[in-house]
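*Asks:* This is the structure I want to talk about, given as structure tokens.
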Amino acid sequence: MTLSTIADELTDEELNALAEEFVGSSPEIILRWALDQFGSEVALATGFGVEGCVLVSLLAAIDRNARLFYLDTDLLFPATYALRDALEERYGVRFECRTTAISLKQQAIAYGEKLWERQPDECCRLRKVEPLRKMLSGLRAWITGIRREQSPTRASARVVERDSQFGLIKINPLANWAERDIWQYVRDNDVPYNLLLDQGYRSIGCVPCTTPIRIGEDARAGRWRGTGKIECGIHVKEVGGALAVDRAS
């Protein structure tokens, strides 16, 4: 097995062997392999969390023309858009923007006002999951900021794995990093990050569905507060032949 194997032709056994080759490898090595292997058919997806900012920094050092994209729900914080602009200016990169075909006004007409309060899963499907599905349908692989430490459902994430939900290869260069590694890299390299993280926010999504967390609360407690919802449905794993939602999406 070599790292130049065509990943989308791999059997599960071959993909597992490839993932083993990356054990102990740096994110830079993994990213270089991804770009060499897939070229313009791989892209980094980011919601502008701190992991995404680290990956943008790493990718820009390898190839500033690497594809980067984000999902614009039309409900992001001004600080998130400011971070996007800061990253573009700092690293000389450009983010592709992917949005849903339905505007907020059209959504209100079709589904009622403030769908995110009444049916947050449906709102996420319309404004995040379906736009992502359309974007990924044109790719052979995508890069994410998933880390094993983030949640129990991500504890088995590998640096290279098959994405059963979207039907392509998923690359997680930071899978082995702890939160302290992320912030050490940010400090050492002066990486821009969302300033809301300094104001009590730990997980940042859409404005109406994101609040700061309180002392002692889980990092995800500020998302969809009071609804019982704790995920957006982007990251799932196949468990026993069925797709299991990753509760830290």
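Bear in mind that the values in this text are calculations on the coordinates, not laboratory data. These numbers were taken from a predicted model, which means no experiment stands behind them. We place every Cβ from the backbone using ideal geometry, glycine too, and count neighbours over all the protein chains shown.
*Asks:* With both partners inside the chain, how many of the DSSP beta bridges are antiparallel, as a percent to the nearest 5?
*Replies:* Restricted to the chain, the bridges split so that about 45 percent are antiparallel.
*Asks:* Another question about this same structure. Please check: in the Gaussian network model of the chain (C-alpha springs, under 10 Å), which one of Ala45, Ala34, Ala110 has the largest mean-square fluctuation.
*Replies:* Top of the fluctuation ranking is Ala110.
*Asks:* Name the residues whose placed amide hydrogens come within less than 5 Å of the amide hydrogen of Trp177, ignoring near sequence neighbours (fewer than 5 apart) on the same chain.
*Replies:* Arg148
*Asks:* Let me ask something else about it. Angle, helix 50-62 long axis vs. longest principal axis of the chain, Cα atoms, 0 to 90°, nearest 10?
*Replies:* For helix 50-62, the angle is close to 40 degrees.
*Asks:* For the charge dipole of region 22-151, defined by +1 on Lys and Arg C-beta atoms and -1 on Asp and Glu C-beta atoms about the Cα centroid, which residue among Phe22, Thr80, Trp142 has the Cα displaced farthest towards the positive pole?
*Replies:* Sorting the options by dipole projection puts first Trp142.
*Asks:* Taking θ = phi - 60°, what integer Hz values does the Karplus form 6.51 cos²θ - 1.76 cosθ + 1.60 yield along region 160-174, in sequence order, with x for Gly and Pro?
*Replies:* 9, 8, 8, 9, 6, 5, 10, x, 8, 8, 10, 10, 10, x, 9
*Asks:* From the phi angles alone, apply the Karplus equation (6.51, -1.76, 1.60; θ = phi - 60°) to region 205-216 and give each ³J(HN,Hα) in whole Hz, x where the residue is Gly or Pro.
*Replies:* Once θ is set to phi - 60°, the couplings for region 205-216 become x, 7, 3, x, 10, 10, 9, x, 8, 9, 4, x Hz.
*Asks:* In the P(r) worked out for region 132-210, what percent of Cα pairs fall beyond 19 Å?
*Replies:* Tail fraction, whole percent: 52.
*Asks:* Something else: Just one of (1) 20.8; (2) 19.3; (3) 18.7 is Kirkwood radius over Cα pairs in Å as worked out from the coordinates here. Which one is it?
*Replies:* (3)
*Asks:* Right, here's the next one. What do you get for trypsin sites (Lys or Arg not before Pro) in region 193-227 restricted to DSSP loop and a cutoff of at most 10 other Cβ within 10 Å of the site's Cβ?
*Replies:* Arg214
*Asks:* Given the -39500 (n - 2.57) contribution per DSSP H run of 4+ residues, what per-residue ellipticity at 222 nm results for the chain, rounded to the nearest 500 deg cm²/dmol?
*Replies:* -9500 deg cm²/dmol
*Asks:* Check each of the GluC sites (Glu not before Pro) in region 89-133 and keep only those in coil by DSSP with at most 13 other C-beta atoms within 10 angstrom; list them in order.
*Replies:* Glu113
*Asks:* If I stretch the segment between Ile29 and Gln184 completely, what's the gain in nm (0.36 nm per residue apart, minus their alpha carbon distance), one decimal?
*Replies:* 53.9 nm
*Asks:* I would also like to ask the following. Using the C-alpha gyration tensor of region 5-139, what are the square roots of 5 times its eigenvalues, in whole angstrom, with the largest one first?
*Replies:* Output for region 5-139: semi-axes of 32, 20, 12 Å.
*Asks:* When a/c reaches 1.5 or more, the comparison of a/b and b/c decides; with that in mind, is region 64-186 rounded, prolate or oblate per its Cα gyration tensor?
*Replies:* Since a/c reaches 1.5 and a/b is larger than b/c, the shape of region 64-186 is classed as prolate.
*Asks:* Pull up all non-local amide H partners of Ala66: gap of 5 or more, or a different chain, and H-to-H distance under 5 Å with H placed in the peptide plane.
*Replies:* none
*Asks:* Assuming R0 = 22 Å, what is the FRET efficiency of Asp198 and Arg225, from their Cβ-Cβ distance, to the nearest 0.05?
*Replies:* 0.65
*Asks:* Here is a follow-up. Measure out, as a whole number of angstrom, how far apart the alpha-carbon centroids of region 87-132 and region 187-220 sit.
*Replies:* Spelled out, the Cα-based centre of one part sits 20 Å from the other.
*Asks:* Across region 12-23, in residue order, what do the Karplus-derived ³J(HN,Hα) couplings come to in whole Hz, using 6.51 cos²θ - 1.76 cosθ + 1.60 with θ = phi - 60° and x for Gly and Pro?
*Replies:* 4, 5, 5, 5, 5, 5, 5, 4, 5, 5, 8, 4
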